[in-house]
Amino acid sequence: SLASTAITCFTRGLDLRKETEDVLCPANCPLWQFYVFGDGVYASLSSICGAAIHRGVITNAGGAVRVHTLPGQENYPAVKANGIQSQVLARWASSFSVTRTKSTALEAVGQPVSTARPSTGKRPKKPLDKKAGNKDCKADIAFLIDGSYNIGQRRFNLQKNFVGKVAMMLGIGTEGPHVGVVQASEHPKIEFYLKNFTAAKEVLFAIKELGFRGGNSNTGKALKHTAQKFFSLENGARKGIPKIIVVFLDGWPSDDIEEAGIVAREFGVNVFIVSVAKPTTEELGMVQDIAFVDKVVCRNNGFFSYQMPTWFGTTKYVKPLVQKLCSHEQMLCSKTCYNSVNIGFLIDGSSSVGDSNFRLVLEFVSNVAKAFEISDIGSKIAAVQFTYDQRTEFSFTDYTTKEKVLSAIRNIRYMSGGTATGDAITFTTRNVFGPMKDGPNKNFLVVLTDGQSYDDVRGPAAAAQKAGITVFSVGVAWAPLDDLKDMASEPRESHTFFTREFTGLEQMVPDIIRGICKDFMDSKQ
């Protein structure tokens, strides 16, 4: 053809369909974003415009380039030329070369569409540290690809190309995103785990090597399997980093997917759906649940679903998807210490505390509780007041919003009486934490006391810890340090707090919150 096709900075050799094709590169592509492999003969994984600048066919002002498809080869060399450092690649299935086009007046019909942002002067001067990857996009991502008969071999290959592009643009590296792939068909197959590769090139090879399985699209089954098995620490999941599953779906699932969505949310996994070729009106009768997308995504707020009309010409969809996957603050389903803990407060109501100090204690409890994201699927708060007797002020399931919890704390009435801290710990372990024991949240007990207990605290505290409750002890005034240490979880130093005056409680709030978060991170979440 005489007319050139306008391409983007990121179009790769393997995106072209013809043996020889004339293309137009846009101006001002950010050089550091080019992936170029080889010299003269480039692996088809390379950016075309990047290779053309590297070869000296055009400058960064863009222009026309003729691309020739060549067979694959081994050992593409790394050579620096014209401001671009090409990289080594051991082998690739196809290559291309670039030359100047024989310019004719007809050539520039396709005007280039510049996808590069104009240079703002804020561009990093040197290429990103390739090994470390994109540190601003720390995420553990499973691509759940469609390997069913719905998609078929040909579209399966286009899907692989698209996933490869997304993986390349994410900036995979030791400090950046890690990815793995699961293929959904009749039975799910984990193709590779997060820990298998931390370099983008290796991931691309692995994606390229994936074989099409065929079968029903049991996406629900595959999603549930992935949420439960894929993100274990031994398979390379990292603590405290968002877990994401991107479900690619051609058409619709053949099984029920709603339950899988619930399981994923319980496991703290953010589910995205990329749906291609939505069911037509005639096909809707075959879909089990028309609202399947809304039921499976992390939140039905539009952010977690993504649509592409077909598998052809998907390059323009890569970047917006990558931007979503790198938006940390939007990952509403991630488990953090703020949304995944149950904190029980055990409050000393003995007569030595007195009315005005009791108010200071309640203020302390409120300030700690305030830091957490309280909801029916998030963190939960409970409070028990004790003298010789115990009174559950409210349990973990009574209030599921922060406003209600804070108002319940304000309304706690001072009991006044003796001090039996051991009994109170036993009561709280059994009655308040007992019903929560199989829940997903991590359990914490904060014991506040101002004096010597009349009974043994060591036995009850050990039993609470054995039941999976982490105990922080907070002592005021006459509370004996030995008692406080005996109650606290290991390491005792960081779980024991003491202040002479009730006014000193306020300064402890950040330390308690930090302590809870540290324990949460250290636990096997």
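The values are calculated or read from the model by the stated rules, or taken from the named source; none is laboratory data. For clarity, every value in this text was computed on a predicted model and none was experimentally measured. So basically every Cβ, Gly included, is an ideal-geometry build from the backbone, and we count neighbours across all protein chains shown. The accessibility values were calculated without ligands, DNA or RNA, using every heavy atom of the protein model including side chains. Shrake-Rupley method; radii C 1.70, N 1.55, O 1.52, S 1.80 Å.
Cβ-Cβ distances below 7 Å connect the following pairs, each with a first residue in segment 308-333 that is in a helix (DSSP H, G or I), a second residue that is open to solvent by less than 40 Å² (accessible area, probe 1.4 Å) and of a type outside the set (A, V, I, L, M, F, W, C), and a separation of six or more residues or different chains: Thr315/Thr8; Thr315/Thr11; Thr315/Asp15; Thr315/Lys165; Val318/Lys165; Leu321/Tyr306; His328/Pro242.
Of everything in segment 166-188 that is free of Cβ contacts under 8 Å to residues at least 40 places away in the same chain and either aliphatic (A, V, I, L, M) or outside any loop (DSSP other than H, G, I, E, B) (or both), the residue that is farthest from Ile273 (Cα to Cα) is Ile172. Within segment 8-27, being touching a residue at least 60 places away in the same chain (Cβ under 8 Å) and in a strand (DSSP E or B) holds for Arg12, Asp22, Leu24, Cys25.
Among helices (runs of 4 or more DSSP H) entirely within segment 205-296, having at least 2 residues that are at pLDDT 90 or above and touching a strand residue (DSSP E or B) at 6+ places or on another chain (Cβ under 7 Å) singles out 219-229, 258-266.
If you filter segment 211-237 down to residues that are of a type outside the set (D, E, K, R) and touching a His at 6+ places or on another chain (Cβ under 9 Å), you find that the one that is surrounded by the fewest Cβ atoms within 10 Å (Cβ to Cβ) is Gly215. Return yes or no: is Leu321 within 30 Å of Leu16 (Cβ to Cβ) and buried (at least 21 other Cβ atoms within 10 Å of the Cβ)? The answer is no for Leu321. For Leu484, the conditions (1) over 30 Å from Ile377 (Cβ atoms); (2) of a type in the set (A, V, I, L, M, F, W, C); (3) touching a helix residue (DSSP H, G or I) at 6+ places or on another chain (Cβ under 8 Å) all hold with the exception of (3).
Contact annotation: residue pairs with Cβ atoms under 8 Å, 6 or more positions apart or on different chains, pairing a residue in segment 434-453 that is without any contact (Cβ under 8 Å) to a residue 40 or more places away in the chain with a partner that is open to solvent by 30 Å² or more (accessible area, probe 1.4 Å) and of a type in the set (Phe, Trp, Tyr), are Gln452/Trp478. Counting only strands (runs of 3 or more DSSP E) that sit completely within segment 373-470, those holding 1 or more residues that are of a type in the set (A, V, I, L, M) and open to solvent by less than 30 Å² (accessible area, probe 1.4 Å) correspond to 380-386, 442-449. Consider segment 480-525 and keep the residues that are in a helix (DSSP H, G or I) and either on the phi > 0 side of the Ramachandran plot or among the basic types (Lys, Arg) (or both). The one that is farthest from the chain's Cα centre (by Cα) is Lys485. All of Leu332, Leu346 fail the test of being among the aliphatic types (A, V, I, L, M) and under 30 Å from Ile172 (Cα atoms), apart from Leu332. Counting only residues that are over 18 Å from Asn342 (Cα atoms) and either outside the structural domain of Tyr414 (by the TED database) or surrounded by 14 or more Cβ atoms within 10 Å (Cβ to Cβ) (or both), segment 471-491 holds 10 of them. Filter segment 142-165 down to the residues that are within 17 Å of Asn270 (Cα to Cα) and β-branched (Val, Ile, Thr) and list them by number. The one that is within 17 Å of Asn270 (Cα to Cα) and β-branched (Val, Ile, Thr): Ile145.
Taken over segment 111-143, the criterion of being in contact with a Pro (Cβ under 8 Å, 6 or more places away or on another chain) and either modelled with pLDDT of 65 or more or of a type in the set (Gly, Ala, Ser) (or both) is satisfied by Ser114, Ala116, Ser119, Gly133, Asn134, Cys137, Lys138, Ala139, Asp140, Ile141. The single condition among (1) part of a loop (DSSP other than H, G, I, E, B); (2) free of Cβ contacts under 8 Å to residues at least 60 places away in the same chain that Ile53 does not meet is (1).
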